[in-house]
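The values are calculated or read from the model by the stated rules, or taken from the named source; none is laboratory data. Everything numeric here is computed off the predicted structure, so don't read it as measured data. With ideal geometry, Cβ positions are generated from the backbone for all residues, glycine too; neighbour counts draw on all protein chains shown. Areas reflect the complete protein model, heavy atoms only, side chains present, ligands, DNA and RNA absent. Shrake-Rupley method; radii C 1.70, N 1.55, O 1.52, S 1.80 Å.
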Amino acid sequence: MRRSTILFLAVLAVFMVGLISTSVYFTNKEINKAEEDRSNMNILQALIDKTNGQHEVINEELRGKIIVINVWATWCGPCIREIPELNKLEEEFASDEIRFLAFDDLEAESEHAIMEEREIEFNYELYFNEKELIELLYSFKLSNERRALPLNIVIDRKGNPAFYYMGFQGDKIEEIRTYLETNNKNRIKVDLL
């Protein structure tokens, strides 16, 4: 190869690396900004507004509470896999101040039959045939996030998301436990006595 061709390819390679690096930098910056925007968004108020305050559980009564939401399905292996750990969270922290809600988009009768057949015990408050609400919950995902089950959201007392993640992530359940321990008013009162 001629030296001029080699020099041209070297300059082109350096240019391409710079272009890719710049693109990655700005993409990461956009993702970080979007994550920050979502964490500052009052998701609870947005859900109440989008359902006109008429949903049986996502309503004004949840204000000031921590809300742990799970979107799941009986056919979803990762969903079933995390249920025992989610049940432990519910057993440890459920109170008037911390609500555990699970939403499934299928009919209750068929899902209950499958749950009984497979001996699936899920301690959360279960709500079925929740297609519209589930779509609203997924509307908060970022453009770089892939839609997946399970979807877990923890909404803080102000209505903002403390956690929003999709797919089975066992380490996140431990992070949620730590969050609930830190933010559990009932536990704080007991500790002070």
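Entry remark, the stretch 35-73: residues being in contact (Cβ under 8 Å) with a residue 12 or more places away in the chain, open to solvent by less than 60 Å² (accessible area, probe 1.4 Å) and within 25 Å of R177 (Cα to Cα) number 20 in total. For the condition modelled with pLDDT of 95 or more, more than 21 Å from the chain's Cα centre (by Cα) and on the phi < 0 side of the Ramachandran plot, I98 does not qualify.
Against the numbered list (1) modelled with pLDDT under 95; (2) touching a Pro at 6+ places or on another chain (Cβ under 7 Å); (3) not aromatic (F, W, Y), P78 comes up short only at (1). Looking at the structure I just gave you, is E145 on the phi < 0 side of the Ramachandran plot and either modelled with pLDDT of 95 or more or polar (S, T, N, Q) (or both)? Considered against the rule, which asks whether it is on the phi < 0 side of the Ramachandran plot and either modelled with pLDDT of 95 or more or polar (S, T, N, Q) (or both), E145 comes out as no. Could you tell me whether N87 is closer than 23 Å to K172 by Cα, modelled with pLDDT under 80 and polar (S, T, N, Q)? So N87 fails the test.
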